[in-house]
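One structure below.
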Amino acid sequence: MRLVFSKHAAKRLFERGISMRDITLTIEKPDYRVVRGNEIEAYKKFSGETLKVVHVKIESFIKVITVVII
């Protein structure tokens with residue numbers, strides 16, 4: 001799976017120290033998903049914190065819009 005990051009998402013990854021592994025796991029094997037139009041919110045718990053990855057599927061890749069630790 002090819003991931004493309006918006007500028008906003010790339011900035012958040014760096015600021016929050018979120019690994020690519022955690023992003024990939026959240027998208028591929030989330031604890032649950034919420035679909036809002038064409039956007040997908042994927043949620044996965046890691047070490048007591050939940051990672052939320054908002055993304056869209058665009059033909060041959062997935063565009064990550066933002067990532068949030070909640």
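Checking every one of the trypsin sites (Lys or Arg not before Pro) in the chain against DSSP loop status and a limit of 11 other Cβ atoms within 10 Å picks out ARG2. By the gyration tensor of its Cα atoms, with a ≥ b ≥ c the square roots of the eigenvalues, what is the shape of the chain: rounded for a/c under 1.5, prolate for a/b over b/c, or oblate? Oblate, since a/c reaches 1.5 and b/c is not below a/b.
Taking Cβ atoms as reference points and 11 Å as the exclusive limit, the residues near SER6 contribute a net charge of +4, counting Lys and Arg as +1 and Asp and Glu as -1. Between ILE65 and PHE46, the contour length at 0.36 nm per residue exceeds the Cα-Cα span by 4.8 nm.
Once both labels are positioned 7 Å from their Cα atoms along Cα-to-Cβ, the gap between ARG21 and VAL56 label points is 3.1 nm.
A short reminder: the numbers here are calculations on the coordinates, not readings from a lab. Owing to the predicted nature of the structure, the values given are computational and were not obtained by experimental measurement. For neighbour counting, all protein chains shown are included, and Cβ atoms are generated from backbone atoms with ideal geometry for every residue, glycine included.
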